[in-house]
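Below: the structure, in structure tokens.
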Amino acid sequence: MKRVVVGLSGGVDSSVAAYMLQQQGYEVIGLFMKNWHDDTVTISNECPWLEDSNDALLVAEKLGIPFQTVDLSEEYKEKIVDYMFNEYEKGRTPNPDVLCNREIKFDVFMKIALSLGADYVATGHYCRKTEINVNGETVYQLKAGADTNKDQSYFLCQLSQEQLAKSLFPIGELTKPEVREIAAQMDLITADKKDSQGLCFIGKVRLPEFLQQKLQPKEGVIIQIDKNDPIYTIQKQDDLALEEALQAESQKMPYSPNMGKVVGKHQGAHYFTTGQRKGLNVGGTTDPLFIIATNVETNTIYTGLTSQHPGLFKKALKIENEELHWIRKDLALANGESVNYMVRIRYRQPLQRATLHQFENALYIAFDEPQSAITEGQFAAWYLKDELIGSGVIS
């Protein structure tokens, strides 16, 4: 009988994952991760971890499986929260959920599980794992969940072969309504529980307040750039080599304050992100304002009217080699190689057609259609049909 440790979060997905493993004949142990102590920045009662751990305990009791809580708040602070502060300070927008899976659930947590004699760690993610044989070696494939509406493979885009080897995703073949139905049949307390929102394990936080713990407010100006500004009609040079052309397509627009008009003030460029619409508190515009760029050095925010403003769109992005990750190492590109994949640059974005170009120091992704709000610090992930092949941090 193989032993599996399930990360019981107190939600319906992990509850049903534990039940299904039990049905499949595994010896199941439930483990709840406590990752956060500071309630001052969470929006009241939106992530009461006590309630979650209590629900997880009740599920474990109902299923008759051993249960314990592990406190990973120190590791979480160091690997996730400090990283987030660091990234925001640099003017990048991190994805804590992707990091939480790579650094906490499938690393720190997995090591604890294996130390308890577990063969596998299981989570309630909507994704699937399969294995194939490549040149006599077992290769694990990470595939999208059967419920296309809930597919969470993107959040696992940084996992390694070693991590996948020890992972199980019991609900990957199910849809959310099917999961809720199983929970209801089993009379699990989590059957009708709302899905958790917000940061992995912290819950809903007011981001500016959360960031203000470390990053000081600093007043700056909000500039509006006209959609007909000459910067958008600069002629492309035709004689550029491919790498130079991609470099030009993916780099930041060189905005400066004198190119537009001041429409408001903000409390720190590092609290804002490209594509953001809410929280600017600028009134009196004919259409909604969107952030098209931020500059943390000059503490300036650049905006444009409507979601179709040319400043929001780019045809390419760049990933530095050290921030490049192949789940399928056997498919990694060599210098000079190109390949067509489907790519997404944020969770729930429909997959987009693109070509990956690998050069000596970086990988470039060139999209067939210009993409809105390509954001530094976020993850781009590429797929072949429903299999996630690799990912990287947008630079």
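General remarks:
- Unique residue being outside the structural domain of T286 (by TED's automatic domain parsing) and within 26 Å of F85 (Cα to Cα) when the list is F359, F367, F379: F379
- T294 being within 18 Å of Y88 (Cβ to Cβ), in a loop (DSSP other than H, G, I, E, B) and touching a residue at least 40 places away in the same chain (Cβ under 8 Å): no
- Inside region 1-51, residues that are assigned to a loop (DSSP other than H, G, I, E, B), more than 18 Å from F106 (Cβ to Cβ), among the polar types (S, T, N, Q) and at pLDDT below 85 make up a count of 2.
- Residues of region 260-280 classified as in contact (Cβ under 8 Å) with a residue 60 or more places away in the chain and polar (S, T, N, Q), total: 2
- Q141 being modelled with pLDDT of 95 or more and crowded, with 17+ Cβ neighbours inside 10 Å: yes
- Per the listing D71, D151, D97, D119, the residue uniquely acidic (D, E), modelled with pLDDT under 95, within 23 Å of G10 (Cα to Cα) and touching a strand residue (DSSP E or B) at 6+ places or on another chain (Cβ under 6 Å) is D71.
- In this structure, T175 does not satisfy being modelled with pLDDT under 95, among the polar types (S, T, N, Q) and touching an Asp or Glu at 6+ places or on another chain (Cβ under 9 Å).
- Summed over region 334-383, residues that are closer than 18 Å to Q308 by Cβ, touching a residue at least 60 places away in the same chain (Cβ under 8 Å) and part of a strand (DSSP E or B) total 1.
- Selected residue [outside the structural domain of I345 (by TED's automatic domain parsing), among the hydroxyl-bearing types (S, T, Y) and assigned to a strand (DSSP E or B)] from T93, T130, T148: T130
The values are calculated or read from the model by the stated rules, or taken from the named source; none is laboratory data. The model shown is predicted, which means the values in this text are computed figures rather than measured ones. As a convention, Cβ positions derive from the backbone with ideal geometry for all residues, glycine included, and neighbour counts pool all protein chains shown.
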